[in-house]
Structure formats: structure tokens, C-alpha cells
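What follows is a set of notes on a single structure, which appears directly below.
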Amino acid sequence: MKQQDIGIDLGTTSIIIATEQQGVVFAQPTIGALDTRSGSIVAVGEKALRMVGRAPSHIELVRPLRDGVIQDHRMTNELIVRYVNEVCRSRLYKPRVSVCVPAAITGIEADAVVESVIAAGARQVYLVDEPVAAALGAGLDIRAPRGCMVVDIGGGSTDIAVISMGGRVRAASVPVAGNAFDTCIAQYVQEKCNLAIGPLTAEALKKKVACCTRSEFEGVMEVRGHSWETNLPARRLICTSDLYAPVQELARRIVDAARSVLESTPPELAADIARTGVLLTGGGSLLRGLPAFLAGELHVDVAIAPDPLNCVARGAAISLSEGKFLSAGFRDATPKVWRSRLRSKSDPFAGD
Ligand SMILES: Nc1ncnc2c1ncn2[C@@H]1O[C@H](COP(=O)(O)OP(=O)(O)OP(=O)(O)O)[C@@H](O)[C@H]1O
Ligand SMILES: [Mg+2]
């Protein structure tokens, strides 16, 4: 790859790296496999993901980010260093890196991420918050004095923001996104069908069969798992209508969070959103029927951004050239700048 500055989406499900010129150049799952006997990391990314549910007992599959929070600092650091090194192979060119971190990250966690990016060879590190990056990556003109609303539904969290003139005016984050849908589907299958299914099967059910709105779609899928009745492997057919209730219950929690943001949005910006609608980004927004469900509940138009999984990484890369126009949600986090900021504030994104 030509030497360029990069944007990183440090996501719960995937770490995606993009450049402003080329778009997405790297994407791997946010997971690593740890050998608990030796303490060494034996696989990361796709290779580790293939081991889920199939690894021997001494191999622990670690997803270092959960519900928008860093749970395992060592693995997070390891993934960042390995992935950035894979993209930026040259030891001579030290890139500027803009990292999109989870909304609920603490100052100390952000500091650890910055250290990892520096260790991976960056000369300057910026932190950008997820809805701002998502809006930039989706091509919205967020510099204008006009309100736009972005709902980024990822794997671990849904981040909602009303943005105007380059900054967040209202925002909220809830730990309900793609992974929570997988969990609720697995629970439903366990309770109603007496069948334990793994997380990858639950995710496949979500993508192939689940739908938020009745009548939009009807599908069926055979799932295999472990029967609680016989204690043996078993299979069941699960159809779309089976999953309406659990899926809608969770989607309502996203609606409630979005509604409370809209309710507190100043009138002129609310009028803009009534005209332009709400933009969905993140992989979780691809849940069938979700845009229609949100539109019905919130009484505004709701559309999915083109290429919703990659908006945040693209936006993080774009933020490197647009940063000077962003009033909040974009911060120089290069250690000497960042440390003085941490000493004076607890919220790294708080306005000056
Ligand atoms: N076609 C699809 N239908 C439903 N869900 C999907 C589809 N494709 C991807 N997803 C879900 O999108 C989620 C991942 O989205 P994304 O990559 O935006 O998350 P992330 O950025 O890693 O997480 P976060 O922003 O919460 O840290 C997963 O839960 C995945 O199952
Ligand atoms: Mg994300």
C-alpha cells in the first residue's frame, strides 16, 4: 500500500482500517485466541473466529471489547499493533492515525488505545467519536448549520447523535446492538425449542431469518445444536414469525434511546431532521425490517447509509483532513497533548 495516513474503527465486532484515498484497506474480527497454558496469543482475527465453539479447553477465545467497553487491554493492544503493522509495513513512514473508539470508553482506556497506536508506529494519534465518524463516512455535510441525526448500530452498542456545524448537539449510547440480538435469539431458541445453539448459529439466524416488521419477509432456517431433552445433537426449523417478539422487544430499546434524543433536540434542528430523516450506519442496521420499524415508531424517514459497515472507518480516515472543521468529537490524542488534557478533564471528548 502507498504510504498514507489511516483511520481505524475499533469496533466490538471488527477492526476496520481505511485511508481517505482508497477507502477500506483492512478488516478483521475483533477476536484473539489465547493459549492459557503458555500465555501466548496463538491466533487473531478470522483464524481465531473459526475456533469459536470448537477450541480445546486450554484455548480461550477473547473478544476484548464488549458492549462498547474495553474488557481486555492486552488483547486490544495486541490486535491494534498487529493490524496496524499489517497495513503500514514501512518502518520509515510513520502515519497520522485517527481512531474511532467505543462511546463508553474511559480516559484511561483511551490512553491505552493511544499508546497501542503509537507502539504500532503512528507519529500522531487523533480520537474521533463514532457518530461523527459515521456521518463523515456516510458523506453527510456535517459542517453545515443544519441538524442531521445518525444512529450507528454496531455489534456492542448503538450510538445516536444529532450533529450540526461539525459537532454533537445531542447524543446517547445504549448497549443494545447486533450482539444483543444474537443473544436474545439464542435465548429464545433455548427456551422455546429446548435447543442450545452457539453464537455463530444465532448470528446466522439473525441475518437469514429474523425480521423486525411483520409481513415484510418470511424465511425459515434449520439450526443444529444441543438438545436439552435428549442431551444429544439435534436440529430444529426456526422461522421468521418465531423471532418477531424477541427481536422487536430489543429494537424497542433502540427506539426509546432515539426518541429521548429527539425529544431533547432543539426545535430548529428537530425541523431539519423531520425534513431529512435519520441515517442508519453500522452492521446492526442491516437487520431486516429495522429501518421500517424505527420509521414507524419515530415518525421520521429512516434510511441505511450505503456500505453501512464501513462508514465509521472511512469517516475516521476523512476526519484527518476535516478535523479542523469539527467542533467536538475529534481530538488530538498524541501523548504530550493528551496527557495534559487527561490531567484537566475526565471526558476526552468534552468541549474546550
Ligand atoms: N446482514 C446483516 N443482518 C443483520 N445483522 C448484520 C448483518 N451484517 C452484519 N450484521 C451485524 O452487524 C454487527 C457488526 O456491526 P459493526 O461492524 O458495525 O459493529 P462494530 O463497529 O464492530 O461494533 P461497535 O460499533 O458496537 O463497537 C454484528 O452484530 C453483525 O452480526
Ligand atoms: Mg462500530
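The values are calculated or read from the model by the stated rules, or taken from the named source; none is laboratory data. Bear in mind that the values here come from a model prediction, so they are computed numbers and not experimental data. Here the Cβ is made from the backbone with ideal geometry for all residues, glycine too, and neighbour counts use every protein chain on show.
Here is how the numbers come out for the structure above:
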read-out: Subset of the range 73-88 (residues that are without any contact (Cβ under 8 Å) to a residue 40 or more places away in the chain and touching a helix residue (DSSP H, G or I) at 6+ places or on another chain (Cβ under 9 Å)); value: 73, 81
read-out: Candidate set: the range 274-304, residues that are buried (at least 21 other Cβ atoms within 10 Å of the Cβ) and over 25 Å from residue 209 (Cβ atoms); chosen: the one farthest from the chain's Cα centre (by Cα); value: 278
read-out: Some residue of the range 205-213 being within 18 Å of the chain's Cα centre (by Cα) and touching a residue at least 40 places away in the same chain (Cβ under 8 Å); value: yes
read-out: Residues being under 14 Å from residue 160 (Cα atoms) and of a type in the set (D, E, K, R) - total across the range 104-150; value: 2
read-out: Residue satisfying condition, being among the acidic types (Asp, Glu) and under 30 Å from residue 268 (Cβ atoms), within set 78, 130; value: 130
read-out: Answer residue from the range 9-47, given it is in contact with a Ser or Thr (Cβ under 7 Å, 6 or more places away or on another chain) and not in a loop (DSSP other than H, G, I, E, B) and is nearest to ligand 2 (Cβ to nearest atom) among those; value: 14
read-out: Residue under evaluation residue 26, criteria (1) modelled with pLDDT under 95; (2) in contact with a strand residue (DSSP E or B) (Cβ under 8 Å, 6 or more places away or on another chain), criterion not met; value: (1)
read-out: Selection status of residue 60, modelled with pLDDT of 95 or more, within 16 Å of ligand 1 (Cβ to nearest atom), on the phi < 0 side of the Ramachandran plot and surrounded by fewer than 17 Cβ atoms within 10 Å (Cβ to Cβ); value: no
read-out: Filter result for residue 294 (in contact with a strand residue (DSSP E or B) (Cβ under 6 Å, 6 or more places away or on another chain), part of a helix (DSSP H, G or I) and at negative phi); value: yes
read-out: Residues of the range 267-291 classified as within 14 Å of ligand 1 (Cβ to nearest atom) and among the small types (Gly, Ala, Ser), total; value: 5
read-out: Those residues of the range 9-23 which are more than 11 Å from ligand 1 (Cβ to nearest atom) and touching a strand residue (DSSP E or B) at 6+ places or on another chain (Cβ under 8 Å), in sequence order; value: 17, 18, 19, 20
read-out: Within the range 116-159, tally of residues that are away from ligand 1 (no atom under 16 Å from the Cβ) and of a type outside the set (Ser, Thr, Tyr); value: 20
read-out: Near pairs, Cβ below 8 angstrom, 6+ apart or cross-chain, from the range 107-119 (of a type in the set (Val, Ile, Thr)) to any residue that is crowded, with 18+ Cβ neighbours inside 10 Å and assigned to a helix (DSSP H, G or I); value: 113/76; 113/80; 114/338; 117/80; 117/84
read-out: Whichever residue in the range 183-219 is hydroxyl-bearing (Ser, Thr, Tyr) and more than 17 Å from residue 252 (Cβ to Cβ) and, among such residues, is surrounded by the most Cβ atoms within 10 Å (Cβ to Cβ); value: 201
